[in-house]
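Asks: Structure provided below as structure tokens; questions to follow.
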Amino acid sequence: MMQQDITIKPKKPFDPVATIMRHWLKIVVFGGSLFVLLSPIAFIFNHSFYQVSGKLVVLPESESVISRTDERSVAGYYNQFINTQLDLIQSPKILEKAIEKLSPDIKQHYLPDNMTLSFAARLLGGGLKVEQPRGTHFIDVTLLRDNDKGMVEMVNAIMEVYIEEYQKDEEGKDYRRLSFLQTEKQNLNAEIGKKTIELKKISEQIASSVFAGSNDDASQFQMSYEKAYRDRVEKEKRLKAITLEAESLKSLSLDAHIEEVVVQNSVVSKLDILAQESLHKLRDSQVGLSDDNPGKHQVEARIKEIKKYTEEQKDIIKEDTRKFLYDKRETELKEKIIHAETELNAAKMIEDEILKERDLLLKKRAEITTKELTRKQVETSLEQMKIQLNRVDTRIYELKLESKAPGKIRLERMADIQGMDSGNNLKKLIILIFMFSFGFITAGCALFDILDDRIRNEKDILNSLGTLPHRPIDDYLQVGMKGTPFSRVLMDDPTNKVAQSIHSLAIKFDKERQNHGAKIAVFTGVDAQSGVTEILLNTAYAMSKLCPKILVIETNFANPSLKKLVNIKREKKGLLDYIKGHTALSDCISHDKERGIDLLMAGHLPSDDELVNLDRSKISKVIKQVKEKYDFILIDTMPMLISDLAEFLIVQADIIPLIIQSDRSYYQYVYMAGQTLLKLEVPAIAAVLNLGAPRYNTKFQETVVKLIQPFQELVRNTFLKTMHPEQDEPYPLFRMSWQSVNTIGSSFKLSFKKIFKFVNPRIIINACKSIFVLFLFVQVTLLISYVASTAYVEKSGSINTVSDEDQKSQKDDTPGINNERWILKQDKSFYTIQLIVSPQKVDLPVFVHTHALSEDEIAIYKNRYKGEERYSVIYGTYPSYQSANEALTALPETVLKTSRVRSIRIIQQQIINLREKG
């Protein structure tokens, strides 16, 4: 039955719409009452006034003499411009100048001799209204005063002063612009003079510069430099080539060349010839000599020496030749390198000379070029300054012309005496009081709801528990049959919507029983005395129509109340007696024939020690025993937040109906109860919002009740006297009102002449009207207060006593027999026994004699049920329900079956309601 489908909120949220819907009647009644109460203030402070107005026009664009420019248009910010002008018209500066502008005779009305000018301007501003009619370009300047002297002149003076100040401001703007432009013009002229002198100096420098060269010379220098540069590069390349060539030649061998030179040498040739000739002679001398001839050996030795000498000479010549050739080659290479280096150095010198001459030429040309550029820049700047100067001159001329053009604000219509109107401020005061009255009450209701943490509706339960409650149970005192106790709703008033809500709850329980096997429902509440037992009894009766065997178990040992609500005459033991072993379980179960259910009551009222030492395991055994015998069991227990026994029973239950009392159960306690049930993991939770349980006033509310109770008694007595007058007083309330008005008029009449000397007659008239309206309001409030007092519920919901005038207006129907007057005199907290209800009037003496009753304790009164008159006979008065129930059991058997206990308070309410309707 509980679904976590929304976010549970630990704190109660504020709902302004719900506040308005909940308190709309209070807002209307009390706001209207406060409005009526404060309405005389409007008459007191109401005063007549005269009204005169003039009109100004504010154009989005002012006319231009030359052309239409953006700077003379306010179309882009027209609303801001208008608002600014509205404030300026009402400024103290304008008002003071307007007062000063008036003629002396008119000025005396706005600036008396004993008043300062600034204070007079503030007073004037209080009656001045400056506004822009919607959708127009006009400004209405309206003056409201209770004296019409000089109003036309004052309004015209305000508009004229404002236009003059606005024109001065515009002219001041033009003057500031002209001053700025004149200064700018002077600065431009000074700058132009400086630039002209600078340009002249630069031109002279350019003219006096010495430069003997032209562009062709520069080109020739450039060509010569390029040629010298190329020549130097070629010389460098040649030097590098010769150096490489020398290195290559040094690595080559000259042996072949040396051999050739040696062969061609004449000395060598001659030496070879001489050697050959000597050798030839020596060989010839050997001819004929034997080998062992000593001469032959000498010749051969001589031949060897000649050959050796020849070879040695050749080697010497060859070596000399080698050295010569190598030295020669090296010398030739060095000569080539030196020659190449000489040519390279010469080329570099030529290049450097040409480069120097060229750079000198370029430097001179650069100096001339820079001066030329500077001259051009100065000329350009000078030209721009001249153009700017022309623009400034043009703008100065335009401003001088535009200053003569009409402005944006013009006087559309002057105030005149024919346009003067008169009226009063009553309408505005009424509207202001109306807004304050209803706004104050609405704010008070909103503040009350913000600070109030009580459960108000189903949405609060949804936020605290996370699920919507069962169909709410309405307040039976308001929607039910008079005189029927809430515990008997389903039996005595089954068609009522309260009974339908309880039937719906029983149907859901039966559905849980059939679908999920649920058999135990533990009824508990968030607060004590929140209607848990009454709802349980009605639900049990409804369940008896769905399944035959129903048992109600009472475990609220701290405050057992089940016995007071059921009609069981025989005293039986209870659950506590069984737990202590004093009796059997079957002897503790009673049967309620009216409801068709069995009851296991708590028994005697236990002491604190008994509750502490209670054996709870036996309660579990009892539940297990009866669970097998009965189809459904309903357990009445204490509030779960103040008793751990409730949690013990909740754990064993299948369904937990949580009774939450509207306007009494606190949101935080409901939230705590829901969190506790979630932690106990109960199978199903059924939140029930009870709108009709007993209310309990706070100490503050009780104090207020004590204070207003005498006033309520007075109002009720007055009302009853009005509704049931004596024969010589046909309309006492209206007669009393008229007498009061006459008294007030007479009082004023006696002292009117004296008062008139010191007070304005208009104030006296307004005061009289206000007092009369206030008196009428008091009379209406008395009636409303009485009607409210008849519906006021204090702890059980009805009024307490009845007025003496009402008693005097009634006559005894039967001498010696108590009637309605006697009933209305009884204590409202007492109880009585209703013996019989008959559609016809009962003859009490015969009834008393037949049933052997006492005439002093019997009474009869008339009631209406479903549009038909009924006569009810009651017997005795008893201070408590229990004592009345005990007296009921002692009645004769002839009236015992039709008798039941009734509350004196409810009977008194029925009598008064019938009189009001009749």
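Asks: Above 25 Å lies some portion of the pair distances; for segment 458-692, what is it as a whole percent of all C-alpha pairs? Mind showing how you got there, number by number?
Replies: Details: 10123 of 27495 pairs.
When all Cα pairs of segment 458-692 are counted, 37 percent exceed 25 Å.
Asks: I've got another one for you. Charges only on Cβ, +1 for Lys and Arg, -1 for Asp and Glu: so what's the dipole of segment 820-916 about the Cα centre, in debye to the nearest 20?
Replies: Working: 13 positive and 11 negative charges, 90 e Å.
In total the dipole reaches around 440 debye.
Asks: Carbon-plus-sulfur fraction of the accessible area of segment 458-692, 1.4 Å probe, in percent?
Replies: Values: 4660 of 9590 Å².
Carbon and sulfur atoms account for 49 percent of the accessible area of segment 458-692.
Asks: Mind ordering 144-151, 15-22 by average Cβ neighbours within 10 Å, highest first? Don't jump to the answer; show the numbers that get you there.
Replies: On the way: 144-151: 16.5, 15-22: 13.5.
Highest to lowest by the protection proxy: 144-151, 15-22.
Asks: Please give the peptides 313-323, 113-123 ranked by average Cβ packing (other Cβ atoms within 10 Å per residue), highest first, as a rough proxy for protection. If you can, show how the numbers build up before the last one.
Replies: Values: 313-323: 14.6, 113-123: 12.5.
Averaged packing, sorted descending, gives the order 313-323, 113-123.
Asks: In whole Å, how far is the Cα centre of segment 327-366 from that of segment 813-881?
Replies: First find each Cα centre; the distance between them is then 156 Å.
Asks: Which order do the peptides 496-504, 842-850 come out in when sorted by mean C-beta neighbours inside 10 angstrom, highest first? Please report the intermediate quantities before stating the final value.
Replies: Working: 496-504: 19.6, 842-850: 14.9.
Output ranking for 496-504, 842-850: 496-504, 842-850.
Asks: So if the hydrodynamic radius of segment 820-916 is defined as the Kirkwood radius over C-alpha pairs, what does Stokes-Einstein give as its diffusion coefficient at 20 °C and 1.002 mPa s, in µm² per second?
Replies: Roughly 158 µm²/s, to the nearest whole number.
Asks: If you place +1 on the Cβ of every Lys and Arg, -1 on the Cβ of every Asp and Glu, and leave all else neutral, what size is the dipole of segment 110-188 about its Cα centre, to the nearest 20 Debye?
Replies: On the way: 10 positive and 14 negative charges, 55 e Å.
Result for segment 110-188 is approximately 260 debye, rounded to the nearest 20.
Asks: Go through segment 546-553 residue by residue and turn each phi into a ³J(HN,Hα) via Karplus (6.51, -1.76, 1.60, θ = phi - 60°); whole Hz please, and just put x for glycine and proline.
Replies: Listing the rounded values in order: 9, 9, x, 9, 10, 10, 10, 10 Hz.
Asks: Also, quick follow-up: What pairs in Lys573/Lys679; Lys101/Lys408; Lys12/Lys627; Lys497/Lys519; Lys593/Lys624; Lys240/Lys363 have C-alpha atoms more than 28 Å from each other? Let's see the in-between values first.
Replies: Values: Lys573/Lys679 36 Å; Lys101/Lys408 24 Å; Lys12/Lys627 40 Å; Lys497/Lys519 26 Å; Lys593/Lys624 25 Å; Lys240/Lys363 35 Å.
Distance filter (> 28 Å) returns Lys573/Lys679; Lys12/Lys627; Lys240/Lys363.
The values are calculated or read from the model by the stated rules, or taken from the named source; none is laboratory data. Note that the coordinates shown come from a computational prediction; the quantities given were computed from them, not determined experimentally. Please note: Cβ atoms are built from the backbone with ideal geometry, for glycine as well, and neighbour counts cover all protein chains shown. SASA here: full protein model, heavy atoms, side chains in, ligands and nucleic acids out. Shrake-Rupley method; radii C 1.70, N 1.55, O 1.52, S 1.80 Å.
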